[in-house]
Amino acid sequence: MRKMFGRARVSPALVISIVALVMAVGGTALAEPPVAYIAKALGLSGKQKKQVKAIVNTEIKKQAGSLSVANAAKATNATHAATATNAGHADHAAQAANAAQLEGIGAGGFLRDTVTVVVEDTVGAPNPTHETANAKCPDGYQAIGGGVDNENVLTEMVTASGPTIGNQRPLDVAPGQHGAANGWFGAVRNESGVASEMKVVVICAP
């Protein structure tokens, strides 16, 4: 057999057969062992082995786009991967370089640009007196929280507190789903007979 193949040029059919076998057993990951084994079994010369290897590598590179690997410890792009360069390159990834980020922003970055708006009003006399106030977020911001504070906690009572939607308190909005809140509404009842202050606070985020 060595004499038969020793001086002959490597035939295209032989190369194609080797390429097909290499593809079948695992693509580039297993290219070297099958080529070396088959070359040895056929008694190819060193020059012929180099020719076969070069042709095999060329064919594998041509087919690389359609090749798949059942399991990989790490992959830049993968349907299922233990690790991935970023979450956008893996449909399912146990770990990803930016898995803790949303659109490139870390989890701690979403509240750094918040603003707090405080509105003050006077709850007058005589006894009892009721007053309301509305704190509104700047344009381009939405309310993420708020509250009401009063000057005299013994004689003043908060009777309403909640977000406003389209500058309307929840009581004036129809039931159902609406857009983001844009402010905070508060109401206070004063039973002291003496005018006192109330404040409504809204925390806003872009």
Q.
Against the definition (touching a Phe, Trp or Tyr at 6+ places or on another chain (Cβ under 7 Å) and either more than 22 Å from Val115 (Cα to Cα) or modelled with pLDDT of 90 or more (or both)), how does Pro163 come out, yes or no?
A. yes
Q | Tally, over the range 149-183, of residues that are over 30 Å from Val194 (Cβ atoms), surrounded by fewer than 16 Cβ atoms within 10 Å (Cβ to Cβ) and either touching a strand residue (DSSP E or B) at 6+ places or on another chain (Cβ under 8 Å) or in contact (Cβ under 8 Å) with a residue 24 or more places away in the chain (or both) | A | 6
(Q) With in the same structural domain as Ser196 (by TED's automatic domain parsing) and surrounded by 20 or more Cβ atoms within 10 Å (Cβ to Cβ) as the only criterion, which of Ala135, Ala125 stands out? (A) Ala135
Q: Scan the range 192-201 for residues that are surrounded by fewer than 24 Cβ atoms within 10 Å (Cβ to Cβ) and closer than 13 Å to Glu151 by Cβ and jot them down.
A: Ser192, Val194, Ala195, Ser196, Glu197, Lys199
Q. When residues of the range 152-206 are filtered for being in contact with a Gly (Cβ under 9 Å, 6 or more places away or on another chain) and of a type in the set (Lys, Arg), how many remain?
A. 2
Q.
I'm trying to understand the selection: among the residues of the range 99-152, which are at pLDDT 90 or above, more than 19 Å from Ala181 (Cα to Cα) and not in a strand (DSSP E or B)?
A. none
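The values are calculated or read from the model by the stated rules, or taken from the named source; none is laboratory data. For clarity, every value in this text was computed on a predicted model and none was experimentally measured. Positions of Cβ are generated from backbone atoms using ideal geometry, with glycine treated the same way; all protein chains shown enter the neighbour counts.
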